[in-house]
1. Only residues that are touching a Pro at 6+ places or on another chain (Cβ under 9 Å) and not hydrophobic (A, V, I, L, M, F, W, C): list them for segment 267-296, please.
2. So the check is Cβ under 6 Å with 6+ separation or different chains; which pairs have a first residue in segment 191-204 that's buried (at least 21 other Cβ atoms within 10 Å of the Cβ) and a second one that's part of a helix (DSSP H, G or I) and aromatic (Phe, Trp, Tyr)?
3. Filter segment 76-96 down to the residues that are at pLDDT 95 or above and exposed (fewer than 13 other Cβ atoms within 10 Å of the Cβ), then identify the one that is nearest to Met155 (Cα to Cα).
4. Only residues that are within 15 Å of Trp265 (Cα to Cα) and touching a Ser or Thr at 6+ places or on another chain (Cβ under 9 Å): list them for segment 134-149, please.
5. Can you pull out every residue in segment 97-133 that is closer than 23 Å to Trp265 by Cβ, out of contact with any helix residue (DSSP H, G or I) (no Cβ under 8 Å at 6 or more places or on another chain) and either at pLDDT below 95 or open to solvent by 80 Å² or more (accessible area, probe 1.4 Å) (or both)?
6. Mind checking which helices (runs of 4 or more DSSP H) fall wholly inside segment 243-359 and carry at least 3 residues that are within 30 Å of Asn198 (Cβ to Cβ) and in contact (Cβ under 8 Å) with a residue 40 or more places away in the chain?
7. Across segment 378-413, which residue is most open to solvent (accessible area, probe 1.4 Å) among those that are aliphatic (A, V, I, L, M) and farther than 13 Å from Lys294 by Cβ?
Amino acid sequence: MAKYTKRSEDYSKWYNEVIERADLAEHSDVRGCMVIKPYGYAIWENMKSVLDAEFKETGHSNAYFPLFIPKSYLNKEAQHVEGFAKECAVVTHYRLKNTDEGQLIVDPEAKLEEELIVRPTSETIIWNSFKNWIQSYRDLPLKINQWANVVRWEMRTRLFLRTSEFLWQEGHTAHTTKAEAIEEAEQMLKVYADFTENYMAMPVVKGFKTESERFAGADETYCIEALMQDGKALQAGTSHFLGQNFAKAFDVKFADKEGKLEHVWATSWGVSTRLIGGLIMTHSDDEGLVLPPKLAPIQVAIVPIYKTEEQLAAISEKVNALSAVLKSKGISVKYDDDDNRRPGWKFAEYEAKGVPVRVAIGPRDLENNKAEVARRDTKEKNVVDWDGIENYIAELLESIQENLFNRAKDFRTANTTSVDTYEEFKKALEEKGGFISAHWDGTVETESKIKEETKATIRCIPLDAKEEEGKCILTGKPSTKRVLFAKAY
């Protein structure tokens, strides 16, 4: 039997092995890119389904914009282009040709008049369209979402967490007032937080970024931060108040009720396939992937144990009826009667894939009108009466969802440390890691020095941070709020 790496031995290697064993994704021959395999993509589809419904419920419509962005568009917003310049992939030619030796080369005669950028994010090209879509206050608010891929050239990549190409959604909205745009940005942060906690069972801290950590071109960046099992933080989603920066860059104005022309106010917000990485690192254990039931592609796996075809037929009749009932309750079921694999192999496979509930039923269970039910999160097994088993399973799935959230929240609480001095800060970071709550004097210089000396960054200024008198851990200057530091992905 293969020996797999434990989290305590090598967390990075363990993470990669969990992905491999669960058959979620693999590295592509294209450097820095990944292939998302069917089971991994099914998790993303479940995430998309929930989020898309929530976006539409909050008044947003889906659209699609070009993959390619003229370089001149990025030049229009100075902060934006500076923030993304080093990550951009650039298209310079539009044609290949064959040499006399039969080799394909870039045709030097086919150089583009203007280079095209493969989108790192779509603010610029979307605002170029918004200019044509918005004339008056009657056209506002304009609330658009796009499901797409983006490219940000990465030198060091990790499956799901950081790849040169990844999948995401990006919302882009325009409003008549500053207050309405801020309300939108805060609303979408709440949508993300509710999703991560209620569906991913991943507790998050809602906050806003420091000036140096803001999205390029934003006046304010709101974020949700989660804590992984190795004590590092993961930025799970961001929502940006863009002020009038892009409206001014692309001259997007509206006529108000008095006919006066004003620049619109804007937001953008997004989450990506990085959430799958967060899901893996929040819940999984040394035996493999652990999935919260609400996002699991297979919520219940049923494995028959039999020796004869007659036994299989009898078991199948009973299981098929149960499957129909479970599916009518909205529970996804896989009845694995494949006779090419032994039950023991199937048990290990569904454990590695993080299937929340496994049901095993054999001839003796059939006689006793019972079945063995195992839960993935605690590995607890119980022999359950067949009569009413569908209700038992439904309640068990709810219990697993709740347990995973509480377990992750307890871990975060146990790994959040409040410190008042730089010595305490460095000691906590070295010995424990996790979130460190400390006072900061609000300057970029102090933030940069702490990052340089410890590799810890300010993950966010929590929205619920309480006012209190304190002193910056590095400079001793006055501070009225604590911020959250951590090493991060």
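The values are calculated or read from the model by the stated rules, or taken from the named source; none is laboratory data. In this text the structure is predicted, and so the values were computed from the model without any measurement. As a convention, Cβ positions derive from the backbone with ideal geometry for all residues, glycine included, and neighbour counts pool all protein chains shown. Ligands, DNA and RNA are excluded from the accessible area calculation, which covers all protein heavy atoms including side chains. Shrake-Rupley method; radii C 1.70, N 1.55, O 1.52, S 1.80 Å.
1. Across segment 267-296, the qualifying residues are Thr282, His283, Pro292, Pro293.
2. Short answer, once both residue conditions are applied: Ala201/Phe405.
3. Once the filter is applied, the top-ranked residue is Val90.
4. Tyr137, Leu140, Pro141, Leu142, Lys143, Ile144, listed by residue number.
5. Lys131, Asn132, listed by residue number.
6. Where helices (runs of 4 or more DSSP H) fall fully within segment 243-359 and carry at least 3 residues being within 30 Å of Asn198 (Cβ to Cβ) and in contact (Cβ under 8 Å) with a residue 40 or more places away in the chain, they are 274-283, 309-328, 343-352.
7. Ranking the candidates gives Val383 first.
Yes/no matrix, rows are residues, columns are (1) of a type in the set (D, E, K, R); (2) over 23 Å from Arg21 (Cβ atoms):
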{"site": "Lys353", "(1), (2)": "yes, no"}
{"site": "Pro356", "(1), (2)": "no, no"}
{"site": "Ile361", "(1), (2)": "no, yes"}
{"site": "Asp377", "(1), (2)": "yes, no"}
{"site": "Asn382", "(1), (2)": "no, yes"}
{"site": "Ile389", "(1), (2)": "no, yes"}
{"site": "Glu395", "(1), (2)": "yes, yes"}
{"site": "Ile400", "(1), (2)": "no, no"}
{"site": "Phe411", "(1), (2)": "no, no"}
